[in-house]
Amino acid sequence: MNWLKRMVVKWVRDDWNQPYNKKASSTNALPIAIDDDGINMDNAIRFKVVKASGGMIVETHHYDRRTDRHNNRLHLIPDGTEDVSGAIGKIVFMEFLQQ
């Protein structure tokens, strides 16, 4: 039985010494989940900005793995808004807080 324990310990040590992310350029890189298509986008917030009469419509979308639901929200930016980029920044910030 000791030979089995030694073999398992050897396998674990060998795997531990291998870099986690083979696509990373340095061995000091943090281990992040990367699939073949790129970065794992499970926690990403996607948003679309559409020009409409009377302002802009911002649609946000994210997937909640815990509840297995896709969440969509609509936000409106009226035409008179001077700082559109600031309004979009506030929308993204609010979405991050709601996750």
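The values are calculated or read from the model by the stated rules, or taken from the named source; none is laboratory data. This is a predicted model, so every value here is computed, not measured. Virtual Cβ from ideal backbone geometry, glycine too; neighbours counted across all protein chains shown.
Please determine whether any residue of region 64-71 is assigned to a helix (DSSP H, G or I) and in contact with a strand residue (DSSP E or B) (Cβ under 9 Å, 6 or more places away or on another chain). Full working, then the answer.
Kept after step one, since they are assigned to a helix (DSSP H, G or I), are these residues of region 64-71: none.
No, every residue in region 64-71 fails to be assigned to a helix (DSSP H, G or I) and in contact with a strand residue (DSSP E or B) (Cβ under 9 Å, 6 or more places away or on another chain).
If only residues of region 62-84 that are at pLDDT 90 or above and surrounded by 14 or more Cβ atoms within 10 Å (Cβ to Cβ) are counted, the one that is farthest from ALA44 (Cα to Cα) is ILE77.
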